[in-house]
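The values are calculated or read from the model by the stated rules, or taken from the named source; none is laboratory data. What you see is a predicted model, and the numbers here were worked out from it, not measured in a lab. As a convention, Cβ positions derive from the backbone with ideal geometry for all residues, glycine included, and neighbour counts pool all protein chains shown. Surface accessibility is based on the protein's heavy atoms, side chains included, excluding ligands, DNA and RNA. Shrake-Rupley method; radii C 1.70, N 1.55, O 1.52, S 1.80 Å.
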Amino acid sequence: MWTVIYIAPTAKMAENIKKRLTEEGFFVKIRPVNLSKQQYEILVPSGELEEVQEVFNSIIRP
């Protein structure tokens, strides 16, 4: 099961977050929310949610 941890406003931001989380060893998917709004969901496996959130917070709020 995959869980959304963030909705990125641009494809570039979504790709940057995916790259950083992948470098930390997590599985990450990106899925467009609405093609007209250009928003992208960042999804991670539910079982890794807590660990991912810690790393994600350090990426978003350095």
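Brief remarks follow.
- Scanning residues 5 or more positions from V33 or on other chains, those with amide H under 5 Å from its amide H are Q39, Y40, E41, with H placed 1.01 Å from N in the peptide plane.
- Whole-percent carbon and sulfur share, accessible surface of the chain, 1.4 Å: 52 percent
- Accessible area per residue, Å², the chain with all protein chains present, probe 1.4 Å: 70 Å²
- Cα centroid of the range 22-39 to Cα centroid of the range 1-19, whole Å: 4 Å
- Cα-based helix-to-principal-axis angle, 49-60 vs the chain, degrees rounded to 10: 70 degrees
- Charge tally in the Cβ shell below 12 Å around V4, where Lys, Arg are +1 and Asp, Glu are -1, V4 excluded: +1
- Computed per residue of the chain from DSSP H runs no shorter than four, each worth -39500 (n - 2.57), the mean residue ellipticity at 222 nm is -12500 deg cm²/dmol.
- Restricting the trypsin sites (Lys or Arg not before Pro) of the chain to loop positions (DSSP other than H, G, I, E, B) with no more than 15 neighbouring Cβ atoms within 10 Å leaves K37.
- Building the convex hull from the alpha-carbon atoms of the range 5-62 and averaging its projection over directions returns 3.6 nm².
- Between helix 11-23 and the chain: long-axis angle, C-alpha atoms, 0 to 90°, nearest 10: 20 degrees
- Across the chain, Cα pairs under 8 Å and at least six residues apart give a relative contact order of 41 percent.
- Between amide H atoms placed 1.01 Å from N, distances below 5 Å from Y6 occur with I42, all of them 5 or more places distant or on a separate chain.
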